[in-house]
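Read the structure below first, then the notes.
The values are calculated or read from the model by the stated rules, or taken from the named source; none is laboratory data. Note that the coordinates shown come from a computational prediction; the quantities given were computed from them, not determined experimentally. For neighbour counting, all protein chains shown are included, and Cβ atoms are generated from backbone atoms with ideal geometry for every residue, glycine included. Surface areas here come from the heavy atoms of the whole protein model, side chains and all, with no ligands, DNA or RNA. Shrake-Rupley method; radii C 1.70, N 1.55, O 1.52, S 1.80 Å.
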Amino acid sequence: GDLMARAPAALLPLIEELRASPIEVRYAVGAPHDPLDPDPPSMPSRQLLWVRIREPITKAPGLDAACAAYISDQPLLLTALRPHRISFPSPKLGALATLDHSMWFHGPFDADDWLLYDMHAPFAGPSAL
């Protein structure tokens, strides 16, 4: 759509990859900011997303939890960037990686059904304090 028409050619493969992702994401509160905005506004380090695996998955022990862990990685990192006025992709960033985060599973669930993902990044700053 509009994003593809406005995106620099170098980003088109990334956008296509995201569109083909096995993960479906919908914002629970508000609308997403424009990922091509070179100067995004500062936003709170909290996001609520509805997420699911697009296609039905085989029911095997631990598979739903593994899928939820896979789903959780990238949005959490992007949540931590929000207060710093950085979106992804951005020329301000090099390689990105999450090092550690925790998940609690309070009961059985299906990763191919809608799950509310509540993210809060209480700190995002230099590692040496």
Cα-projected label distance for Ile57 with Val29, points at 7 Å along beta-carbon direction, nm: 2.6
Mean projected area in nm² (Cα convex hull; one quarter of hull surface) for the chain: 9.4
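Do the sum for the chain: with -39,500 (n - 2.57) for every DSSP H run of n ≥ 4, divided by all residues, what is the mean residue ellipticity at 222 nm, to the nearest 500 deg cm²/dmol?
-7500 deg cm²/dmol
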How much of the accessible area of the chain, in percent, comes from carbon and sulfur atoms when a 1.4 Å probe is used? 61
Sum up the charges of everything whose Cβ sits under 10 Å from the Cβ of Ile53, counting Lys and Arg as +1 and Asp and Glu as -1, but leave Ile53 out. -4
Using a 1.4 Å probe and ignoring any ligands, DNA or RNA, find the accessible area of Phe123 and quote it in Å² to the nearest 10. 130
With every protein chain present, what is the per residue accessible area of the chain (1.4 Å probe, Å²)? 68
Quick one: among Leu115, Leu78, Leu96, which has the greatest mean-square fluctuation in a GNM of the chain with alpha-carbon springs under 10 angstrom? Leu96
Does anyone have the angle between helix 63-81 and the longest principal axis of the chain? Alpha-carbon axes, 0 to 90°, nearest 10? 20
